[in-house]
Amino acid sequence: MAASIDALTSSTLKCLREGWWNDDFTEFLTETLRPRPGNRILDVGCGEGTAEVRIARLHVSQIRLIGVDLMIERVMVARHQTAAHNQRVGFTTADACHLPFRDDVFDSTFCVAVLQHIGDVDAAVGEFARVTTAGGRVLAVEPDNRARYWYSATAAGVKAFEMSARFFAALAAARGDVTDAAVGPRLPALFARHGIEPLDVRLFPVSQTRLGMPPGAVWARRRASVEHAIEQAPTEAVRALGREYLGVLTAYAAEATNAGSAFVEIQNTMLFATVGQKTG
Ligand SMILES: C[S@@+](CC[C@H](N)C(=O)[O-])C[C@H]1O[C@@H](n2cnc3c(N)ncnc32)[C@H](O)[C@@H]1O
């Protein structure tokens, strides 16, 4: 659902793939990975197997897909989801920074929305290069979560967006989160450092427009997300900021109601797909 990119409830696109993973994206993925019969393709941070299921629907035959993820629960769901498809897939748990594979064993390696979760992105990209064969493709699709466009017809809407950014940044800092939410555009440089020649960068915009007063469920979802985040906050300073933000959200809902059919809210953010080729 497009609502999943809501900047008022999350500072990142983490786990929000439903908003942008459409057929065009799957086609881009398969064209970029160039699967040939007999190829072995590695999906790092495969999650619940979205890529494997979507690629299976394209009936690309005789490839071997291997998905790895840090979380055993996701690996188990991925196994279950792909069981119905007549496809050669395998899943295992592994850390992107320490892949349990020999050098040069994959024809292509890719990740989608994974490096934004990882502290040591350099180590992960180094592993992608190590396990990919010379001439093989490496693809990383990651957002720049800080490059968010926001328009709201009301003053409280503008303030709510600012407060959301402040609150979620303070929450991440208080938790000691060292991940880079804006990793997308840095990938060509990271690729080059590890012997992966950058070939292309493709942008996938992710947008959402609301015209007319949003229904009550939207405001309830926004409040619930922020309240949940406040509960998780480790310091009173961050919790206080969260409560201040909730007050602004209340004002925003009231202004949106008053604006009625003239209300408009626009959000946009960007995914960067960086395509590279392992030099040999
Ligand atoms: C946003 S989800 C994306 C899942 C999948 N690539 C997709 O697009 O549907 C990010 C995934 O990365 C995994 N992950 C995070 N850190 C990881 C690491 N160090 N090594 C392997 N997987 C990791 C998470 O467990 C999660 O399943």
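Miscellaneous remarks
- Candidate set: the range 25-58, residues that are surrounded by fewer than 17 Cβ atoms within 10 Å (Cβ to Cβ) and modelled with pLDDT under 85; chosen: the one farthest from the ligand (Cβ to nearest atom): P37
- Count of the range 206-226 residues, restricted to those that are without any contact (Cβ under 8 Å) to a residue 60 or more places away in the chain, farther than 12 Å from A253 by Cβ and surrounded by 14 or more Cβ atoms within 10 Å (Cβ to Cβ), is 1.
- Flag set for L190, criterion: in the same structural domain as T26 (by TED's automatic domain parsing), in contact with a helix residue (DSSP H, G or I) (Cβ under 7 Å, 6 or more places away or on another chain), surrounded by fewer than 23 Cβ atoms within 10 Å (Cβ to Cβ) and not in a loop (DSSP other than H, G, I, E, B).
- Residue within the range 143-161 that is at pLDDT below 95, more than 18 Å from the chain's Cα centre (by Cα) and in a strand (DSSP E or B) present: yes
- Residues located in the range 221-280, provided they are under 30 Å from G135 (Cα atoms) and under 24 Å from the mean Cα position of the chain (by Cα): M270, L271, F272, A273, T274, V275, G276, Q277, K278
- Some residue of the range 232-239 being part of a strand (DSSP E or B) and not hydrophobic (A, V, I, L, M, F, W, C): no
- In the range 252-265, the count of residues that are under 19 Å from T32 (Cβ atoms), assigned to a strand (DSSP E or B), in contact (Cβ under 8 Å) with a residue 40 or more places away in the chain and open to solvent by less than 70 Å² (accessible area, probe 1.4 Å) is zero.
- For the range 144-166, the criterion of being farther than 20 Å from S225 by Cβ, open to solvent by less than 20 Å² (accessible area, probe 1.4 Å), among the acidic types (D, E) and within 16 Å of the ligand (Cβ to nearest atom) is met by no residue.
- Whichever residue in the range 82-123 is assigned to a helix (DSSP H, G or I) and within 20 Å of the chain's Cα centre (by Cα) and, among such residues, is nearest to the ligand (Cβ to nearest atom): H117
- Across the range 59-73, the qualifying residues are those that are within 13 Å of the ligand (Cβ to nearest atom) and surrounded by fewer than 19 Cβ atoms within 10 Å (Cβ to Cβ), and the one among them that is nearest to G136 (Cα to Cα) is L70.
- Options A237, A229: the member that is out of contact with any Cys (no Cβ under 6 Å at 6 or more places or on another chain), surrounded by 17 or more Cβ atoms within 10 Å (Cβ to Cβ) and assigned by TED's automatic domain parsing to the domain that holds A170: A229
The values are calculated or read from the model by the stated rules, or taken from the named source; none is laboratory data. Just so it is clear, the structure is predicted and the values come from calculations on it, not from any experiment. Neighbour counts are summed over all protein chains in view; Cβ atoms, including those assigned to glycine, are modelled from backbone coordinates with ideal geometry. Keep in mind that these areas ignore ligands, DNA and RNA; they rest on the heavy atoms of the full protein, side chains included. Shrake-Rupley method; radii C 1.70, N 1.55, O 1.52, S 1.80 Å.
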